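All remarks here apply to the structure that follows.
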Amino acid sequence: MKLLPHLAALLAAVSLYFSPACAQQHSDAIRLNQIGFYPAAPKVAVIAAEAGGAFEVKEAKSGKTVLKGALGDVRTSQHSGKHTRLADFSAVRKPGTYVIEIAGLGKSAAFSIRNRVHRNVAEAALKGFYYQRASIDLPEKYAGKWARPAGHPDEHVLIHASAVSDGRPENTVISSPRGWYDAGDYNKYIVNSGITMGTLLSLYEDYPLYFEDFNTNIPESNNGVPDLLDEVVWNLRWMLTMQDPADGGVYHKLTNPRFDGTIMPDAAKNPRYVVQKGTAATLDLVAVMAQASRIFKNFDNKLPGLADSCATAAVKGWQWAEKHPEVMYNQGAMNKEFDPDVATGAYGDRSVKDEWIWAACEMYATTGKPEYIQNIDLELQQPMALPTWSQVKTLGYYTLLRSAETLKLPAGQSGALRENILSYASKLVTDLENQPYHTVMGKTAQDYAWGSSSVAANQGIALLYAYRLSNDKKYLHAALGNLDYLLGRNATGYCFLTGFGSRRIMHPHHRLSMADGVADPVPGLLSGGPNPGQQDKCAGYPNKFADESFTDSDCSYASNEIAINWNAPMVYLAAALEATMK
Ligand SMILES: [Ca+2]
Ligand SMILES: [Ca+2]
């Protein structure tokens with residue numbers, strides 16, 4: 001059978017010819033946003049290798065050179081000591097598909113220059129939440145090859161011994177369906193839902209018009225409510241069930257005692273509990289419900305009564321918190337006192353000062369009643385803190401700024417808010433021109449915290465607020481730079497959003513993606529990103545450098561898990577830039 005090798009060679013040649021994207025091994029040393037660039041935006045690639053001094057931008061199809069340029073000066077990474085050089089091709093503005101070529105290194109993968117270049121990214125990142133939905137079938141019509149039966153109906157959830165109250169003794173059954181799975185696991189946590197919902201609701205409030213025709217092909221598409229809000233409602237209705245109707249307190253989480261194995265949701269049968277009420281969970285719920293009530297007031301004909309339910313829940317939660325101003329969730333202490341022990345994500349917090357600030361700002365913005373902030377130290381003279389699940393005061397600042405005119409905030413207060421955000425943004429962009437990947441993200445090793453991708457995205461959001469306050473394009477461009485970071489211009493060379501890029505995340509720590517038998521991971525999910533803590537001790541980390549401490553392995557919950565509180569700022573950054581850049 002002499003023919004066979006020839007046939008194989010011929011087929012290989014044919015496939016090489018017809019799939020140029022795969023045919024030519026592209027150079028991994030040319031790092032850039034693997035999706036593309038807006039025509040008018042700055043465009044930068046980073047060369048992470050020793051290279052000659054010149055680069056060319058070529059049309060991908062014709063190979064025609066459209067720009068020849070000189071590489072920038074050598075920059076040295078503060079994390080690894082490695083050298084990089086910049087290829088600035090901002091001058092190429094004509095829409096099209098291009099590659100970058102460097103003598104001795106080869107070509108980059110093809111990328112686009114066009115308007116609305118990140119629209120698909122923004123839509124997919126929001127659709128990522130649909131794939132995380134508990135208690136509902138995901139049919140092929142909406143979920144494609146990731147279709148799956150419903151899991152975790154959560155209609156028979158038990159009151160844990162730590163959560164008993166008058167009228168709800170231990171093992172009382174409550175119904176608490178819907179919501180999103182938090183991350184790679186199947187539990188539902190109020191605290192992490194808080195920042196996630198706040199970020200998505202703020203995105204809507206900041207860019208309402210943009211979401212009028214933003215369709216993510218979900219069951220609620222074309223129902224007269226923006227799909228962003230429909231997705232939020234799936235989790236909002238779950239959150240409402242987490243409040244004890246008798247006293248307004250909110251259970252910290254709905255959880256298995258132990259994590260499920262690597263199984264599909266419909267195969268999970270372990271008992272589920274709601275555990276101890278706490279001040280952080282309650283105030284996070286207050287903030288979300290207050291914000292939701294002012295938004296859904298405008299959709300009362302489509303979602304009758306929802307805004308009122310949210311407003312009532314917010315007030316009841318606030319009253320509970322006033323009586324219990326500092327009940328902390330301490331899982332270790334809880335496990336000593338009560339059974340069964342709970343070993344899932346703790347989301348324990350050391351301070352609820354910031355939760356008080358956030359809830360107070362949202363209550364004030366919704367009701368217009370200044371008494372909500374009267375006894376709260378807003379900490380406006382302190383440096384701004386980037387939002388994380390345990391530090392949420394800045395979500396309140398964003399809301400106060402957005403509502404400054406309607407609330408008629410005193411000039412001193414709105415000035416302090418403005419100064420707070422602008423001075424934070426100004427520090428972010430300082431020394432940008434010396435950074436190895438020319439990004440705000442990664443200036444210090446602290447940026448590479450657990451879930452560092454969300455640091456990049458949240459910095460981008462802060463920069464966008466600074467841009468809208470100042471109209472200074474350096475902030476807009478730095479925000480874009482952090483999106484470039486997330487989509488490939490980084491020290492790992494990966495595009496961190498599943499389903500996108502020429503160097504893709506294929507093995508996130510995500511039970512759904514691991515158990516579904518589909519090779520491609522569930523799309524639209526943001527990988528956590530580099531984390532030098534390397535707490536999972538997985539094999540596969542290339543080294544200990546902060547900016548490279550990443551491995552695309554499903555064992556790597558420390559660098560390659562996904563989480564709703566990381567996806568939300570990704571949705572915000574991509575959609576807000578789309579709305580701004582067009
Ligand atoms: Ca809709
Ligand atoms: Ca806190």
Touching a residue at least 12 places away in the same chain (Cβ under 8 Å), open to solvent by less than 50 Å² (accessible area, probe 1.4 Å) and under 28 Å from residue 356 (Cβ atoms) - does that describe any residue in segment 468-480?
yes
Can you name the residue in segment 237-249 that is under 24 Å from the mean Cα position of the chain (by Cα) and crowded, with 23+ Cβ neighbours inside 10 Å and, of all such residues, is nearest to residue 168 (Cα to Cα)?
242
Can you tell me which residue within segment 386-403, out of those that are of a type in the set (A, V, I, L, M) and open to solvent by less than 20 Å² (accessible area, probe 1.4 Å), is farthest from the chain's Cα centre (by Cα)?
400
Output the residue which, of all residues in segment 472-521 that are assigned to a helix (DSSP H, G or I) and of a type in the set (S, T, N, Q), is nearest to residue 540 (Cα to Cα).
513
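Conditions tested, residue by residue: (1) more than 20 Å from residue 306 (Cα to Cα); (2) away from ligand 2 (no atom under 16 Å from the Cβ); (3) in a loop (DSSP other than H, G, I, E, B); (4) not hydrophobic (A, V, I, L, M, F, W, C).
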{"residue": "170", "(1), (2), (3), (4)": "yes, yes, yes, yes"}
{"residue": "186", "(1), (2), (3), (4)": "yes, yes, yes, yes"}
{"residue": "192", "(1), (2), (3), (4)": "yes, no, no, yes"}
{"residue": "198", "(1), (2), (3), (4)": "no, no, no, yes"}
{"residue": "205", "(1), (2), (3), (4)": "no, yes, no, yes"}
{"residue": "210", "(1), (2), (3), (4)": "yes, yes, no, yes"}
{"residue": "229", "(1), (2), (3), (4)": "no, yes, no, no"}
{"residue": "233", "(1), (2), (3), (4)": "no, yes, no, no"}
Say whether the condition of being part of a helix (DSSP H, G or I) and surrounded by fewer than 17 Cβ atoms within 10 Å (Cβ to Cβ) is met by at least one residue in segment 448-462.
no
What is the residue count in segment 266-276 for residues that are buried (at least 23 other Cβ atoms within 10 Å of the Cβ) and under 24 Å from residue 126 (Cα atoms)?
0
Is it the case that residue 131 is in contact with a strand residue (DSSP E or B) (Cβ under 9 Å, 6 or more places away or on another chain) and within 16 Å of ligand 2 (Cβ to nearest atom)?
no
Just checking, which of 516, 484 is of a type in the set (D, E, K, R) and surrounded by fewer than 24 Cβ atoms within 10 Å (Cβ to Cβ)?
516
What pairs come up if the first residue lies in segment 202-227 and is of a type in the set (Ser, Thr, Tyr), the second is open to solvent by 40 Å² or more (accessible area, probe 1.4 Å), and their beta carbons are under 6 Å apart, counting only those six or more places apart or on different chains?
216/123; 221/215
Given 464, 487, 432, which one is out of contact with any helix residue (DSSP H, G or I) (no Cβ under 6 Å at 6 or more places or on another chain), farther than 27 Å from residue 508 by Cα and of a type in the set (A, V, I, L, M)?
432
Which condition number does residue 209 fail, the rest of (1) of a type in the set (A, V, I, L, M, F, W, C); (2) in contact with a helix residue (DSSP H, G or I) (Cβ under 6 Å, 6 or more places away or on another chain); (3) over 25 Å from residue 345 (Cβ atoms); (4) within 16 Å of ligand 1 (Cβ to nearest atom) being met?
(2)
Within segment 173-180, identify whether any single residue is away from ligand 1 (no atom under 16 Å from the Cβ), touching a residue at least 40 places away in the same chain (Cβ under 8 Å), assigned to a helix (DSSP H, G or I) and surrounded by fewer than 24 Cβ atoms within 10 Å (Cβ to Cβ), and answer yes or no.
no
Only one of these conditions is not met by residue 185: (1) in contact with a helix residue (DSSP H, G or I) (Cβ under 8 Å, 6 or more places away or on another chain); (2) in contact (Cβ under 8 Å) with a residue 12 or more places away in the chain; (3) farther than 27 Å from residue 509 by Cα. Which number is it?
(3)
Whichever residue in segment 420-447 is of a type in the set (Ser, Thr, Tyr) and not in a helix (DSSP H, G or I) and, among such residues, is nearest to the chain's Cα centre (by Cα):
439
Could you tell me whether residue 225 is modelled with pLDDT of 95 or more, among the β-branched types (Val, Ile, Thr) and not in a loop (DSSP other than H, G, I, E, B)?
no
Of the residues in segment 380-411, those that are of a type in the set (Ser, Thr, Tyr) and assigned to a strand (DSSP E or B) come to 388
Of 107, 61, 94, 82, the only residue that is in contact with a His (Cβ under 8 Å, 6 or more places away or on another chain), more than 30 Å from residue 568 (Cα to Cα) and of a type outside the set (Val, Ile, Thr) is 107
Give me the residue from segment 219-236 that is within 21 Å of the chain's Cα centre (by Cα) and more than 7 Å from ligand 1 (Cβ to nearest atom) and, out of that set, surrounded by the most Cβ atoms within 10 Å (Cβ to Cβ).
232
Being over 16 Å from residue 79 (Cα atoms), among the polar types (S, T, N, Q), in contact with a helix residue (DSSP H, G or I) (Cβ under 8 Å, 6 or more places away or on another chain) and at pLDDT 95 or above narrows 453, 423 down to just 453
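The values are calculated or read from the model by the stated rules, or taken from the named source; none is laboratory data. Computed from a predicted model, the values in this text were never measured in an experiment. FYI the Cβ positions are ideal-geometry reconstructions off the backbone, even for glycines, and counts take in every protein chain you see. Just so you know, the surface numbers come from the protein's heavy atoms only, side chains and all, with ligands and any DNA or RNA stripped out. Shrake-Rupley method; radii C 1.70, N 1.55, O 1.52, S 1.80 Å.
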